[in-house]
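Remarks on the structure that follows.
The values are calculated or read from the model by the stated rules, or taken from the named source; none is laboratory data. Remember, predicted model here, so these are calculated numbers, not experimental data. Quick reminder, even Gly has a Cβ in these numbers, built from the backbone with ideal geometry, and neighbours come from all protein chains shown.
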Amino acid sequence: MPSPLSFLPEMAEVAGPLHQSLTNGPIPPTTISLLQLRAGQILGSTYFTIRETNNLRKIGEAEERITAVATWRDATYFTDAERVALELVEAVLTPNPSGERVPDELYARASTHYDDRAMWSLIMAIAHIGFFTPAALIAKPIPGMPPGQNYSD
């Protein structure tokens, strides 16, 4: 598909500040990329998965950590704060037919690692992926291409 900005140029006014708020927030860029990589894996989005894998490599993450995101529960490469971020994104994106997706216990554990500002930044990092999920799954941007150059036009 062609770039959505050709049809909805106002989207740049929304997407840019949203992304900027994440990079200027209290959550380390590594944590944001780890949880967004996990989101891409759960959603089955090659675009998200390649984008976040590349982002993690650019910021110097070890290949073992990048590869282990898919099996983070068994991997020893992640901090407790990163683990709870990964657990949160899984809880949000995985249906739970027997109850709440994000139980109070999970929120309580997360709040031991993140203050209110950081929790909102973490929530918005997950929302960022949710905002772009339909575009990634329907329009299928070209994996590995930078934003603005990742569509067919």
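Observations on the model:
- Hits in segment 92-113 - residues which are in contact with a Ser or Thr (Cβ under 8 Å, 6 or more places away or on another chain) and in a helix (DSSP H, G or I): none
- Test set (1) under 16 Å from the mean Cα position of the chain (by Cα); (2) over 15 Å from THR30 (Cα atoms); (3) surrounded by 15 or more Cβ atoms within 10 Å (Cβ to Cβ) - THR94 fails condition number: (3)
- Some residue of segment 76-86 being small (Gly, Ala, Ser) and modelled with pLDDT of 95 or more: yes
- Every condition in (1) at pLDDT 95 or above; (2) closer than 22 Å to ALA110 by Cα; (3) not hydroxyl-bearing (Ser, Thr, Tyr) is met by LEU22 except one, and the failing one is (1).
- Restricting attention to segment 57-76, the residues that are farther than 24 Å from ILE123 by Cβ and not small (Gly, Ala, Ser) total 8.
- Residues that are hydrophobic (A, V, I, L, M, F, W, C) and either under 20 Å from LEU56 (Cα atoms) or surrounded by fewer than 14 Cβ atoms within 10 Å (Cβ to Cβ) (or both), drawn from segment 138-153: ILE138, ILE142, MET145
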